[in-house]
Amino acid sequence: MRRGSVLQLVGLAAVAAVITTLVAVLIPWLPEAASTESGRIHFVYWFTTGIAIAVFSIVVAVLAYSVLHFRARPDDDSDGPPTHGHTRLEIVWTAIPTVLVTAISIVSAIVLAQNGRAGSDPLIVKVKAQQFAWAFTYPNGQSYGSLTLPMDRHVKFEITSNDVIHSFWVPQFSQKQDAVPGQTNTIVVTPRHLGRFPVVCTELCGLGHALMRSHVDVVSPAKFASFMKSGGKTAGPPGLAVFQQNGCASCHTFRPAGATGKIGPDLDDLHAAAAKANRGPVEKFVEESIVDPAAYIAPGFTDVMPHIFKSQIQPAQLTQLVKYLSQGAKQ
Ligand SMILES: [Cu+2]
């Protein structure tokens, strides 16, 4: 091969590599890696992408070079010369991909093994999925509709479902795990950034699937310790804590709680809603709406409020919640 041709090939490959690298790097394809495991997964991603960019650039360079130099001239009807393969070339283009794919497998296997390690003292959080809400239970027996996690500690999620198959996903943790009825699947997450991240159901699970969202707050170990000690209770009327723990705020607007959810009806004027529904006094209506949402569907809405609160909220807490909501808007 002439020196000029080699230079041309190298030049074409360099142009392709620069363009694809810019596309890979300048567009924020991935969310921030908010856990140690996620950092490792991002490494595998970039390792693989780097190899893909190199292979792509070489293929594009050879292709473009061939199109430029070996294309048929307008009135050239002759056949090309017969060729019979090229053993050395074939060995090379088999050997290199074999090495690359093996390298990707080894790196992935190491990361998978490291990400499975929960250490000697993980925080164990039981995750229960149910149409269309999450319940997170901590070692002290408390359950919440959203997650609070300490930074820099291994957290082992034990994930299951009460009805159909769901899937637990926090994009910033880079891991998904199916929630399957009758089975417990685990993942280990070690949060390394403070902040609030979404929890998403990522398995089509029914009418309210798109609404099956919650959030995780990653807090400092000290804050987490006091959260565990207080049982997650916040200052304010007791019903407020119940409201917050069960994730009502993600779907409902309720001014006294600072809630601005838009998926369900506004709860600021439940007296009017109770009168419109014509299902008895306001307390009775509110209680029924929580424990048996399907009994009455507010006009303009569908039956996507989770049917789990009857079993998830203790009777004493339910009384507090009903009282809080029934009086709420007037405070
Ligand atoms: Cu789901």
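Nothing in this text is a laboratory measurement; each read-out follows from the coordinates by a stated rule. In this text, all values refer to a predicted model and were calculated from it rather than measured experimentally. Here the Cβ is made from the backbone with ideal geometry for all residues, glycine too, and neighbour counts use every protein chain on show.
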| HN-Hα J in Hz across the stretch 186-192 - Karplus 6.51, -1.76, 1.60, θ = phi - 60°, x for Gly and Pro | 10, 9, 10, 10, 10, x, 10
| query | With each run of n ≥ 4 DSSP H residues scored as -39500 (n - 2.57), what mean residue ellipticity at 222 nm is computed for the chain after dividing by its residue count and rounding to the nearest 500 deg cm²/dmol? | reply | -14000 deg cm²/dmol
| message | To make sure I understand, if each residue's beta carbon is the centre and we count other beta carbons within 10 Å, what order do CYS205, CYS248 fall in, fewest to most? | response | CYS205, CYS248
| field | For peptides 96-107, 309-320, 79-90, 250-261, sequence by mean Cβ density within 10 Å, most packed first | value | 250-261, 309-320, 96-107, 79-90
| LEU7-VAL107 FRET efficiency (beta carbon distance; Förster radius 30 Å; 0.05 resolution) | 0.35
| request: List the DSSP H helices in the chain whose Cα atoms stretch 24 Å or more along the helix axis and whose mean Kyte-Doolittle hydropathy is at least 0.5. | output: 3-26, 36-70, 87-115
| task | For the stretch 248-256, take each phi angle, set θ = phi - 60°, evaluate the Karplus expression 6.51 cos²θ - 1.76 cosθ + 1.60, and give the result in whole Hz per residue in order, putting x for glycine and proline. | result | 4, 5, 6, 10, 10, 8, 8, 4, x
| From the backbone phi of the stretch 141-149, what are the Karplus-calculated ³J(HN,Hα) couplings (6.51 cos²θ - 1.76 cosθ + 1.60, θ = phi - 60°) in whole Hz, Gly and Pro given as x? | x, 6, 10, 9, x, 9, 9, 10, 10
| field | Whether the stretch 238-328 is rounded, prolate or oblate, judged on the alpha carbon gyration tensor where a/c under 1.5 counts as rounded | value | rounded
| field | Estimated FRET transfer efficiency when R0 is 22 angstrom, pair ALA225-GLN114 (beta carbons, to 0.05) | value | 0.20
| said: Amide H of LEU149 versus every other amide H placed in the peptide plane: which residues, excluding those fewer than 5 positions away on the same chain, fall under 5 Å? | reply: ASP217, VAL218, VAL219
| field | Efficiency of FRET from Cβ geometry, SER143 and LEU207, R₀ 22 Å, rounded to 0.05 | value | 0.35
| remark: Placing each pseudo-label 7 Å from Cα in the direction of the beta carbon, ILE51 and ASP163 end up separated by a distance in nanometres of 4.3 nm
| How many percent of DSSP beta bridges within the chain run antiparallel, rounded to 5? | 70 percent
| remark: Which residues qualify? For GLU158, with a placed amide H closer than 5 Å and at least 5 residues away or on another chain, they are VAL125, LYS126, VAL127
